[in-house]
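Reviewing the structure listed below.
Since every read-out is calculated from the coordinates, none of them should be taken as a lab result. Since this is a predicted model, take the numbers as computed values, not measurements. Cβ placement follows ideal geometry from the backbone for every residue including glycine, while neighbour counts extend to all protein chains displayed.
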Amino acid sequence: ASRQGPHLRLAGGGAGIINFCANNYLGLSSHPEVIRAAVEALEKFGAGLSSVRFICGTQSIHKDLEEKIARFHQREDAILYASCFDANAGIFEALLTPEDAVLSDELNHASIIDGIRLCKANKYRYKHMDMQDLEAKLKEAQKHRLRLVATDGAFSMDGDIAPLREICQLAQKYDALVFIDECHATGFLGPNGRGTDELLGVMDKVTIVNSTLGKALGGAAGGYTTGPKPLIDLLRQRSRPYLFSNSLPPAVVGCASKALDLLMESNAIAQSMAAKTQRFRSKMTAAGFTISGKDHPICPVMLGDARLASVMAEDMLNRGIYVIGFSYPVVPKGKARIRVQISAVHSDEDIDRCVEAFTEVGRKHGAL
Ligand code: PLP
């Protein structure tokens with residue numbers, strides 16, 4: 001019943017609930033400057049365009065945001081979509097022909113899987129972050145005209161980070177392009193929050209980045225592809241979700257644009273989130289829990305049993321901590337978990353309260 005943020009009021013009563021399940025990594029979803037930018041854009045540019053981009057749905061703010069996204073990622077150009085789901089749905093079909101090949105991590109996000117389904121390229125699925133398997137598949141794929149390796153930069157269920165250095169080395173060796181989905185990395189991974197490619201020092205080796213404006217970058221909506229100019233030009237001509245879907249509304253563009261300004265001015269917000277993530281991960285590990293992944297604000301508390309994850313999440317809410325249990329089919333059988341997500345706007349006290357609640361609830365249900 002309230003805005004998105006670290007503290008929520010739930011419909012039907014509960015106030016002061018501490019929220020640990022949003023993708024609001026930097027706390028920008030309700031940032032006053034982001035909201036003000038949305039209101040200003042709404043007033044100046046209207047509620048919406050009633051048009052797709054290429055007819056009469058492009059305003060100066062759309063072009064400015066695309067330019068800003070490209071600058072943020074240090075790429076040549078960018079193209080906006082209504083969502084990153086759309087960006088992923090559009091790219092593979094536009095880029096790859098039946099003569100080409102796409103090699104995809106088996107745990108890639110559903111939208112990458114669907115995007116790949118829509119294209120006619122030859123499909124190879126390699127085992128999750130398994131470089132031997134990727135190399136074997138790249139060898140097999142040498143017979144095709146062009147190879148594209150597609151991976152999430154950070155995987156949202158496990159909080160683990162793709163080995164991009166190794167992926168880029170293999171891509172170089174076997175003449176492949178690299179595509180990353182940075183939805184759970186843009187804005188906060190890497191020294192300046194540019195993402196997984198910055199964190200791992202391969203910004204110049206990853207060709208295509210898709211990401212969302214609906215998580216760390218203000219949390220409103222929207223997605224994009226950024227990369228070489230000829231690729232972006234091609235997408236403007238051929239990408240179906242771009243060609244056949246309405247333009248992003250001005251208020252949404254205003255939010256994302258302000259969020260990027262804030263991040264380009266200073267990396268203090270991203271740094272503060274990293275410190276809080278570290279606090280949560282180390283305290284939970286000391287309490288005896290197993291937290292999957294490393295250094296990522298997605299902190300999956302591994303429990304194994306689906307029922308345990310669900311009753312523990314319920315009991316956490318009774319203690320004022322909002323977290324969600326994930327079980328099959330969202331994650332593999334026997335790997336149920338409660339996914340905790342840390343935000344820059346959590347206080348140290350919020351984090352400590354979460355750890356205390358987990359410890360109590362974990363003891364009560366025999367998880368510790
Ligand atoms: N890719 C990944 C890895 C995601 O986690 C998500 C969102 O859930 C998407 C793509 C889709 O992003 P959007 O919400 O902008 O459609």
Rounded to one decimal in nm, the spacing of the 7 Å Cα→Cβ label points at residue 118 and residue 99 is 2.4 nm
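Sorting 134, 217 on the 10 Å Cβ count, fewest up front, what's the list? List each step's numbers first, then the result.
Numbers: 134 24, 217 31.
Ranking 134, 217 by Cβ neighbours within 10 Å, fewest first, gives 134, 217.
For the chain, calculate the relative contact order in percent as a whole number, restricting contacts to Cα pairs under 8 Å that are 6 or more residues apart.
Numbers: 787 pairs, mean separation 83.7, N = 368.
That works out to 23 percent.
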Using a cut-off of 29 Å between alpha-carbon atoms, which lysines can reach residue 283, once sequence neighbours fewer than 8 places away in the same chain are excluded?
-> 215, 294, 333, 335, 364
Cβ-derived FRET efficiency at R0 22 Å, residue 130 paired with residue 328, nearest 0.05 | 0.50
FRET efficiency (residue 264, residue 58; Cβ distance; R0 30 Å; to 0.05) is 0.85
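Could you rank the peptides 57-66, 184-193 by their average count of other C-beta atoms within 10 Å per residue, with the highest value first? Walk me through the numbers on the way to the answer.
On the way: 57-66: 16.2, 184-193: 25.1.
By packing density, highest mean first, the sequence is 184-193, 57-66.
Taking every DSSP beta bridge that has both residues in the range 32-265, what percent is antiparallel when rounded to the nearest 5? Intermediate results must be reported in sequence, preceding the final value.
Working: 11 of 29 bridges.
Approximately 40 percent, going by the DSSP bridge assignments.
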Two pseudo-spin positions, 7 Å from Cα along C-beta at residue 240 and at residue 278, lie apart in nanometres by 4.7 nm
Name the residues of the range 177-219 whose amide N is less than 11 Å from a point 7 angstrom out from the Cα of residue 165 along the C-beta direction?
-> 200-202
Pairwise label distance in nanometres, residue 3 with residue 33, each label 7 Å out on the Cα-Cβ vector | 1.5 nm
